[in-house]
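The values are calculated or read from the model by the stated rules, or taken from the named source; none is laboratory data. Given the structure is predicted, the values throughout are model-derived calculations rather than measurements. Cβ sites come from the backbone with ideal geometry, for glycine too, and all protein chains shown count toward neighbours.
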Amino acid sequence: TQALAAAMPFNATKASEHGFDQGLNPPPGSSATPESNLPGGSTLTEKNASNKTGEPPPPGVNAGTRSLECVRSDATGQMLTTNQGVRIADNQNSLKLGVRGPALLEDFILREKITHFDHERIPERIVHARGSGAHGYFESYGPLSHLTKAAPFKEGGKITPVFARFSTVAGERGSKDTARDVRGFAVKFYTDEGIWDLVGNNMPVFFIQDAMKFPDLVHAVKPEPHHAMPQAASAHDTFWDFVSLMPESTHTLMWLMSDRAIPRSFATMQGFGVHTYKLVNDAGEVSFVKFHWEPKFGTHSLVWDEAVKISGADPDYHRRDLWERIEAGAFPEWELGFQVFSEEEGAAFSFDILDATKIVPEELVPVQKVGRMVLNRNPDNFFAETEQVAFCVAHVVPGIDFSNDPLLAGRIHSYADTQISRLGGPNFHEIPINAPLAPVHNNQRDGMHRQSIARGRVSYEPNSLGGGCPFQAGAAHGFVTVPEKLQAKEEQAKVRAKPEKFADHYTQATLFFDSQTPVEQAHIAAAFRFELSKVQVPAIRERMVSSLRNVCEPLAKRVAAGLGIKTLPDAMPKALEQPPTPEVTKSPTLSLKARPGDGSITARKVAILVAPGIVGQTALDVHAALFAEGAVPRFVGPHIGAIETADGVALEADASFENEPGFLFDGLVLPDGADGVDELASLGQAMDFVTDQYRHAKPIMVMGASAMLLDQADISVDLPNGQADPGIVVDDGTGTATQTFVKALAAHRHPERETDPPVL
Ligand code: HDD
C-alpha cells in the first residue's frame, strides 16, 4: 500500500484521506477503534461466547460477532444517563411545579424518554415477520475451485461467519411458531469478499413462477382485509380462492399440506435455495446449482393435533427450542449440499430449471455435501440483531450468480427495497448486524441514519483529486456478471410470457405425493380436508378438489369425502395436456423417512412423570442415562419443587402438568412405585399427558407399577396388527430398557400405531 500511495497523485498533505498514513488517526487508546476495521483480515477468534455460556468457544468461530463488539453496551455497574450521556438523578418523578402542581415542558429528561419510547417499534417484515436467529459459522469441506471462486469455498477447513434467521411466512411478528406454513431459512455469510445472503425456505419449491404474482399471493394468504382474520393460517377463503385459480401452485401446496409445514424445530428442518443459481470458477466456467441444507439431527415434524395444542401452551416453541439448544451447547448443524448440472443437462430435463415450482430430483442429480454450518451463539439483543438483520437475494459475491428465473429477478429487486421502509432509509447496510466484514469503499453518500464518516472532498468517479480512489477492482478482483449467449433471434422479442414447460403444473405434484409413505399421505389428505373445511364458499372447495384430480385420483376422493362432496367435480382442464415424460416417478428422498439424521437423541425433550410415592432412584437413573445421551430429561409432576419418593431419594420436579403439558415433549417415561402411580392415575392432567404422547405416536417407556397407567388410558403395547409397538418400551428389569428407549426416541415417532386422523 505504501508503494501504491506514493504512485497516487492525491493531495500530499492529506495522505491519511486514503488511509495510507496513520498520522491523523487518534493515538492508541484515545478512542475505540472497531477491531473489525483493522487491516490484516480476521484472526477468527471469538471473545464473548465464554461470557455467555461459561464455556470456551471452539477455536476459529464467529468472527462475525467481532464487528458487533464495538456497539455492544453493558450497563453493569453503570449510572443511568440520557442519550447525551448526562447522568440522571431521579428516574421516578417528572419535573413539576410543586409536588401537586402541573408537569413542566422543560423536563428534557422525561421528554427524551417518552419520545424515544414512542418510536421504538419499526414496521414488521411484510412477510416472514415472525422469526428467530443465531450466529454461527460455515466450514468448507474442501476447495471447490473447479466449480466456484466464491470465498467460502476457497479451501478445505475455511471458516466463514454466518447469521441465520428462521421464520414463518404469513403470521405477524407476535404470532405462534407452530402454524402450518412454509418456514424461511435465510443465511447471511460474512465472506472475505462481501456479504452473500442465501435466502431460502424449508421447501424446495414456491407457489408462483413469476414475481409479478407475489403481492397477489401474499394478499391472499394474509388475514382477510375486512376483519383481519385468520392470523398465521392459510385455512381461509382468500388463500384457497387464489391458489385454486393458480394451478402452478399445486406442487407447493402438496408440500404445504405435508408434515414439512409443521416442523418439530428449526434445527430439524431441511433448507433450500429454491431457485437455480450459477456457480462460476476462476476460468469463468459456469455450472448451474441448487442449494440444499441437510440438518444433522434429521428432518422431523409435529403432527397436527400436537401443533395446535403447542400453539396454545407455548407460542414460542421454535424460538425457545433454538435458544435452548444453543445455550445448552447442543448446537444446531446442517450440511450444505450442491446439486450441480451443466446448462446442456439442464436444458434436457423434462422440466424447466428456471421454474421455481419444480425440483431437480436427487435421483436425477445427486446432492454433494460441500460444508457444514453450525449455529453456536445466541444474539445478545433480539431487536438489534434478529429484527434488524436484512437479508437480500441480490447480495451475492464473485463466484455466485443468478439464473434467469423470473421469480428470482423480482426478488433481486424486492429485498433491498423493502428494507428502506422497514429500516428507515438506504443505510441499513451500516447497521452492525448487516455490515460486511469486507471493507466498504464507494461514492455513495449521506441519507438517513448515515454512520460512516467519509473523509475527503471526493465522492465521484473518475476523479483526480482523490487519486482516482476508490478505483474499480477490475475483472480479476471484482464481481463480473457471467456473460450469457444471446438466445435465438425469434426468442429475443420483448414479451410477457412463459416458456412452455412452465405449463406442466401437475407432474411433480404427483411425484411428491407418490413418494410419501402411507402415513405421510394420510397427513396430506387430512391437511387438505382441514384447510378446505374452513373455506366457506363451496365453489372454492370444489375447484380445489377438481385440481387435485390431476395430481392423484385417490387423494382427490379422500379429500372430497372429508368435505362431504358426494360427486367428484370434473378434473380441472390442464394447461399442458401432454407434458414431457418425467425422468423419475418416485423419489424416496422426498419422504421424511429418508431423513432420520445422525440417529442421536441430542436435545430431545423427555418427560419423566413424578408424584409423591414413586421410586426415586430408578427415575434418577433414567434421567442420568438420557442426559448422558444428550437428551433433555425433565421431571414433571403435579407441582414443581420437592417430591417425596418411596425410597426417600431427594427429587425435585422441574415442571408441572399445567406449565409443561405432555405434547411439549418428544418422549415420556412412566415411573415405578405403586403409591406414586396411583396418584398419577387419579390426575386428569397426568392421564392427558399419557394419552397425548400415545396419540401423537411418541415413544413411551414404562417402569414397574406404571403398566396400570397404560391400562387406564386404554393403551395397548401391541399394534393393531398384533406386532409389538416399537415405540412402547416396557422395563423388564434386564437393564436394557433405557437403551431400547433411546433408540425409540431417535426414531422420533412411531406412526405404525397412528389412527389419528382416521384413514378414510
Ligand atoms: Fe421472500 C422475506 C424467502 C419469494 C419478497 N423471503 C423473505 C425471508 C425469506 C424469504 C426466508 C425472510 C428473511 C429474513 O429472515 O429476514 N421469498 C423467500 C423464498 C422465495 C421468496 C425462498 C421464493 C423462492 N420474496 C419472494 C418474492 C418476493 C419476495 C417473489 C417479491 C417479489 N421476501 C420478500 C420481501 C421480504 C421477504 C418483501 C420481507 C422482509 C424482507 O424481505 O426482508 O422483500
Cβ pairs under 9 Å, 6+ apart or interchain, first in the stretch 475-504 and within 30 Å of Ser249 (Cα to Cα), second exposed (fewer than 10 other Cβ atoms within 10 Å of the Cβ), ordered by first then second residue, are Gln492/Leu486
I'm trying to understand the selection: among the residues of the stretch 209-235, which are in a loop (DSSP other than H, G, I, E, B) and over 16 Å from Thr168 (Cβ atoms)? Gln209, Asp210, Pro225, His226, His227, Ala228
Single condition Ala674 does not satisfy, out of (1) buried (at least 18 other Cβ atoms within 10 Å of the Cβ); (2) touching a residue at least 40 places away in the same chain (Cβ under 8 Å): (1)
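Can you name the residue in the stretch 394-420 that is of a type in the set (S, T, N, Q) and more than 10 Å from the ligand (Cβ to nearest atom) and is also nearest to Thr276 (Cα to Cα) among such residues?
Quick first cut of the stretch 394-420, residues of a type in the set (S, T, N, Q) only: 403-404, 414, 418-419.
Adding the requirement that they be more than 10 Å from the ligand (Cβ to nearest atom) leaves 403-404.
Details: Ser403: 6, Asn404: 9 Å.
Among those residues, the one meeting the criterion is Ser403.
Give me the residue from the stretch 128-146 that is in contact with a strand residue (DSSP E or B) (Cβ under 8 Å, 6 or more places away or on another chain) and in a loop (DSSP other than H, G, I, E, B) and, out of that set, farthest from the ligand (Cβ to nearest atom).
Initially, the stretch 128-146 is screened for residues in contact with a strand residue (DSSP E or B) (Cβ under 8 Å, 6 or more places away or on another chain), giving 128-142, 144.
Then keep just the ones that are in a loop (DSSP other than H, G, I, E, B); that gives 128-130, 141-142, 144.
Values: His128: 3, Ala129: 8, Arg130: 10, Tyr141: 25, Gly142: 27, Leu144: 23 Å.
Per the stated criteria, the residue is Gly142.
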Of the numbered conditions (1) more than 12 Å from the ligand (Cβ to nearest atom); (2) surrounded by 21 or more Cβ atoms within 10 Å (Cβ to Cβ); (3) within 24 Å of Ile412 (Cα to Cα); (4) aliphatic (A, V, I, L, M), Val286 satisfies every one except a single condition; which is it? (2)
Could you list all residues from the stretch 205-249 that are under 22 Å from Ala307 (Cβ atoms) and out of contact with any helix residue (DSSP H, G or I) (no Cβ under 8 Å at 6 or more places or on another chain)? Lys222, Pro223, Met229, Pro230, Gln231, Ala232, Ala233, His236
Lone unmet requirement of (1) closer than 23 Å to Ala233 by Cβ; (2) touching a Lys or Arg at 6+ places or on another chain (Cβ under 8 Å) for Glu294: (1)
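Let's see how each residue does on (1) under 24 Å from Ala416 (Cβ atoms); (2) within 16 Å of the ligand (Cβ to nearest atom); (3) at pLDDT below 95:
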| position | (1), (2), (3) |
| --- | --- |
| Trp196 | yes, yes, no |
| Phe207 | yes, yes, no |
| Asp210 | yes, yes, no |
| Asp216 | yes, yes, no |
| Ala220 | no, yes, no |
| Met229 | no, no, no |
| His236 | no, no, no |
| Asp241 | no, no, no |
Please indicate, with yes or no, whether at least one residue in the stretch 172-180 is buried (at least 23 other Cβ atoms within 10 Å of the Cβ), within 8 Å of the ligand (Cβ to nearest atom) and in the same structural domain as His292 (by TED's automatic domain parsing). no
